[in-house]
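Take a look at the structure set out below.
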Amino acid sequence: MFIKVAKTRVFSRILIICVLFLANSLFGINFQNEISPRNAERPKRKSTKYIILHTTEASDRSSLSSLKRYGEAHYMVSTGGTVYRIIDHGRVAYHAGTSMWNGQTNLDRDSIGIEVVGWHNKSIKSAQYTALKSLVSELQGMYRISDKNVLTHSMIAYGEPNKWHKYKHRGRKRCGMLFATSSVRNRLGLTDRYTYDPDIRAGRLRVGDVYLNSVLYGKQGATVVDVPVSIAELGGQYETYIITKGKSPWDVVGLNSKLSSTLYIFPDGRRRFTGDIKNWSNIPVGTKILVQKKTSISNDKQLISGTISYVFTDAISGAQIILTEREAMSSTILYMLPKGVKGGDGFTSHQLKDLKKETKILNGYSLAGIIDGRKSAFDIVSVRWNHRDTVYYCPEKGSVTCGDKVKERSILLGTYVLLKD
């Protein structure tokens, strides 16, 4: 009798394992648990009407760390196609922020949030398409969600009246915007989509980001980089600079030249945002660079259009840069501190709050080495030692110098060599 019961239990366990394996194989999903410590405190959702797709705007490691710490998504899809469970799919995850869709606000109460590692203006990896398609299909079947109600964060986020917009507006975030385009949705097996914004049509909101609106609801046969805006339509949100002979965008506006919100208007009338420019070596003289204006605020936690943000100083241009908490804690941000250089993923939110807005930062750089007397700058980064986008930071003086301005023999010991990724 005991042997028979034991055999039955073994058979049951094998059956369960087979079912789980079959489910993963069927849906093509490699699940891993990274359950947030906040999971247990989150309430159960009473209804589930939508799936909201996000982009993390950061790397795998920093994205997972932040999402898990704060419980800001139900799932995260890594660049390798692994799907991480963060908050139980039946509970509330605070991923939607200040949100509205078809008159309904606070969409956290009625939606599942999926964060995809990547950037709003760049295509995701093939493995991510496969995993995301399977995950979305599984959730749609579970909660009976139509293709049309698989939305993006950029579609539902909205902003309250502020310095630049005197009205409630759509366009606070571009997060996940490419998931709204027909070409991407087709790859995800989604055959239906919204062709208009119901809240703008009803007059509840106004368009605050013309480019974003064209991506979400424009003619889907056209490329999303054809920006149908004039300077007047930008409503004073930007400061304008002009490229002159012998000057590059970096020379003119520094780090701002690479921000996704920076707009380039070429002499022939073409308009391109940073992420849509492929040939940086051939930006013609006379090109206008429109850099989004930033507010001047202290470095306490600030609620800017519903997002916790921090202000720091671009180490190259000296301009003030506003970062969301997630961006500020990303490994792609380097902080120039009195005792050296530290990546954003090495900070807690409380430590960030203690930093002053004068703290210099670099985005998209990594530490190549330190001048310690044993190796020269050339030994550390070879021929790139005197390139313009190689940066030298000397904590002793608090100085930041670009490679094309540095004199090799005058580099002090303890200077950090930072290389653009």
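The values are calculated or read from the model by the stated rules, or taken from the named source; none is laboratory data. Small disclaimer: the values here were computed from a predicted structure and weren't measured. Virtual Cβ from ideal backbone geometry, glycine too; neighbours counted across all protein chains shown.
Worth a mention:
- Only one entry in Asp300, Asp268, Asp314 is acidic (Asp, Glu), in the same structural domain as Asp354 (by TED's automatic domain parsing) and either at pLDDT 75 or above or on the phi > 0 side of the Ramachandran plot (or both), namely Asp314.
- Check on Thr98, over 25 Å from Lys133 (Cα atoms), surrounded by 19 or more Cβ atoms within 10 Å (Cβ to Cβ) and at pLDDT below 95: yes
- When the criteria are applied in full, Lys278 meets the requirement of being closer than 21 Å to Trp119 by Cβ and surrounded by fewer than 18 Cβ atoms within 10 Å (Cβ to Cβ).
- Residue check for Ile112: among the aliphatic types (A, V, I, L, M) and in a loop (DSSP other than H, G, I, E, B): no
- Test: residue in the range 396-411 that is under 27 Å from Thr262 (Cα atoms), loosely packed, with under 15 Cβ neighbours inside 10 Å and within 28 Å of the chain's Cα centre (by Cα): no
- Taken over the range 363-384, the criterion of being assigned to a helix (DSSP H, G or I) and touching a residue at least 24 places away in the same chain (Cβ under 8 Å) is satisfied by Ala377, Phe378, Ile380, Val381, Arg384.
- Condition met for Leu132 (of a type outside the set (S, T, N, Q), buried (at least 18 other Cβ atoms within 10 Å of the Cβ), assigned by TED's automatic domain parsing to the domain that holds Tyr50 and under 20 Å from Leu64 (Cβ atoms)): yes
- Of all residues making up the range 328-362, the number that are assigned to a strand (DSSP E or B), β-branched (Val, Ile, Thr) and under 22 Å from the mean Cα position of the chain (by Cα): 2
- Residue tally, condition in contact (Cβ under 8 Å) with a residue 12 or more places away in the chain, assigned to a loop (DSSP other than H, G, I, E, B) and closer than 20 Å to Val383 by Cα, over the range 394-412: 3
- Pair list, Cβ under 8 Å, 6 or more apart: the range 89-104 residue on the phi > 0 side of the Ramachandran plot, other residue buried (at least 18 other Cβ atoms within 10 Å of the Cβ) and hydroxyl-bearing (Ser, Thr, Tyr): Gly97/Thr307
- Enumeration of residues in the range 237-286 that are under 21 Å from Arg388 (Cα atoms), touching a Phe, Trp or Tyr at 6+ places or on another chain (Cβ under 6 Å) and polar (S, T, N, Q): Ser257
- Residues that are at pLDDT below 85 and surrounded by fewer than 11 Cβ atoms within 10 Å (Cβ to Cβ), drawn from the range 281-292: Ser281, Asn282
- Subset of the range 173-199 (residues that are assigned to a helix (DSSP H, G or I) and within 24 Å of Thr324 (Cβ to Cβ)): Met177, Leu178, Phe179, Ala180, Val184, Asp199
- Criterion violated by Tyr416 - all others in (1) surrounded by fewer than 18 Cβ atoms within 10 Å (Cβ to Cβ); (2) in contact with a Pro (Cβ under 9 Å, 6 or more places away or on another chain); (3) under 30 Å from Asp60 (Cα atoms) satisfied: (1)
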